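Peer 1: Can you read through this structure? Questions will come right after.
Throughout, read-outs are computed from the coordinates displayed, never taken from laboratory work. Remember, it's a predicted structure, so these values are computed and weren't measured experimentally. Positions of Cβ are backbone-derived with ideal geometry, glycine not excepted, and every protein chain shown enters the neighbour counts.
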Amino acid sequence: QVQLVESGGGLVQAGGSLKLSCAASGMIFSINVMGWYRQAPGKQRELVAAITSGGSTNYADSVKGRFTISRDNAKNTVYLQMNSLKPEDTAVYYCNLRIIAADYWGQGTQVTVSS
């Protein structure tokens with residue numbers, strides 16, 4: 001069984017920063033993709049950023065240059081550094097772990113950016 005535990009969400013003013021963390025535990029193969037998705041009220045869940053176990057990254061256009069995803073393979077942990085936050089970044093952020101064809105999700109952490 002795989003478990004993902006997120007931390008780091010909260011309330012921040014526009015222009016501020018937050019860092020999200022997600023620690024994975026359980027049966028985790030070394031080759032995988034970890035990422036962050038977000039879902040705002042009334043909207044579909046969307047990819048924010050993803051990183052492979054080899055370090056390749058992918059970002060949504062809306063966060064490029066502001067967010068940075070990183071990971072510590074020894075700790076099975078992925079991070080999302082979010083800078084220059086905007087009110088439109090407000091959403092529940094979900095950690096995702098993809099192993100081959102299986103997807104695992106965290107419980108979600110709220111990020112609220114006030115204007």
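Peer 1: Please state the relative contact order of the chain as a whole percent: Cα pairs under 8 Å, 6+ residues apart?
Peer 2: It comes to 36 percent, rounded to a whole number.
Peer 1: Need the C-alpha centroid separation for region 85-103 versus region 48-84, integer Å.
Peer 2: Cα centroid of region 85-103 versus Cα centroid of region 48-84: 10 Å apart.
Peer 1: Another question about this same structure. Taking the Cα centre of region 32-78 as origin and charging only Cβ (+1 Lys, Arg; -1 Asp, Glu), how large is the dipole, in debye to the nearest 20?
Peer 2: Around 120 debye, computed over region 32-78.
Peer 1: Net charge within 12 Å of T52 by Cβ-Cβ distance, Lys/Arg positive one each and Asp/Glu negative one each, not counting T52 itself?
Peer 2: Neighbour charge sum, excluding T52 itself: +2.
Peer 1: Just flag the trypsin sites (Lys or Arg not before Pro) in region 35-115 sitting in loop per DSSP whose Cβ has no more than 12 other Cβ atoms within 10 Å.
Peer 2: Answer in residue order: K43, K64.
Peer 1: Treating only the Cβ atoms of Lys and Arg (+1) and Asp and Glu (-1) as charged, compute the dipole magnitude of the chain about its Cα centre; round to the nearest 20 debye.
Peer 2: 80 debye
Peer 1: Run the reach check for K86 against lysines, Cα to Cα strictly under 27 Å, same-chain hits fewer than 8 apart removed. What comes back?
Peer 2: K19, K43, K64
Peer 1: Compute the signed sum of charges (Lys and Arg +1, Asp and Glu -1) over the other residues within less than 12 Å, Cβ to Cβ, of Q110.
Peer 2: The answer is -1.
Peer 1: Using only the Cα atoms of region 49-113, what are the Rg and Dmax in Å?
Peer 2: 12.4, 34
Peer 1: Scattering from the C-alpha atoms of region 3-46 alone, worked out with Debye: what is log10 I(q)/I(0) at q = 0.19, 0.28 1/Å?
Peer 2: -0.83, -1.14
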